[in-house]
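Chemist: The structure under discussion is supplied below as structure tokens; questions concerning it will follow.
Read-outs: derived from the displayed coordinates by stated rules, not from any lab. All values reported here derive from a predicted model rather than from experimental measurement. Please note: Cβ atoms are built from the backbone with ideal geometry, for glycine as well, and neighbour counts cover all protein chains shown.
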Amino acid sequence: MKTKFVTLNLDFLGFSASMLCAVHCAALPFVMTVGALSSFTWLDNALLESLFVISSFGIATWSLLKSYWRHHRRLLAIGVVAIGFVLLATSRLVAEDWEPLLAVMGGVTIAVAHIINWRLHIACNICHTH
């Protein structure tokens, strides 16, 4: 039973990847204004962004579906992560002005889904031990 969130578990890994994605998306517009002067232009890379999204999606799918099937059987975390990925996908389709906001909201929403999943997992383990 995992009782600490900050340990080597899929939810913490997914939370970390999603928050890193959100920080990247939030900071990128500010860094890019200084980027020409400080050589941070490598941060504005489609491959890096794709890596964030693909790793976040893979970890979320593995962690949330595994917990759903093996433990809590509650769709809340899966619904929240779906909203997060819809926000991320939408950020790629809208005007440049809205992209950072929607991407940050998507990353944070995905991170929250991992916290919800972890809490459901803990609550389920507590129920099964009594």
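Chemist: Would you mind ranking ASP11, ASP97 so that the residue whose beta carbon has the fewest other beta carbons within 10 Å leads the list?
Modeler: Ordered by Cβ neighbours within 10 Å, fewest first: ASP97, ASP11.
Chemist: Using a basic spin-label model with each label point 7 Å from the Cα along Cα→Cβ, how many nm lie between PHE30 and LEU101?
Modeler: Those two pseudo-labels are separated by 1.7 nm.
Chemist: Next up: If you take every residue apart from ALA89 with its C-beta less than 15 Å away from the C-beta of ALA89, what net charge results, scoring Lys and Arg +1 and Asp and Glu -1?
Modeler: For residues surrounding ALA89, the net value is -1.
Chemist: How big is region 60-130 by Rg and Dmax over its Cα atoms, in Å?
Modeler: 14.5, 53
Chemist: Here's a follow-up. Counting other beta carbons within 10 Å of each Cβ, put LEU102, LEU93 in order, fewest first.
Modeler: Lowest count first: LEU93, LEU102.
Chemist: Quick check: pseudo-label points 7 Å beyond the Cα along Cα→Cβ at ILE54 and ALA123, how many nm apart are they?
Modeler: So the two model labels end up 3.5 nm from each other.
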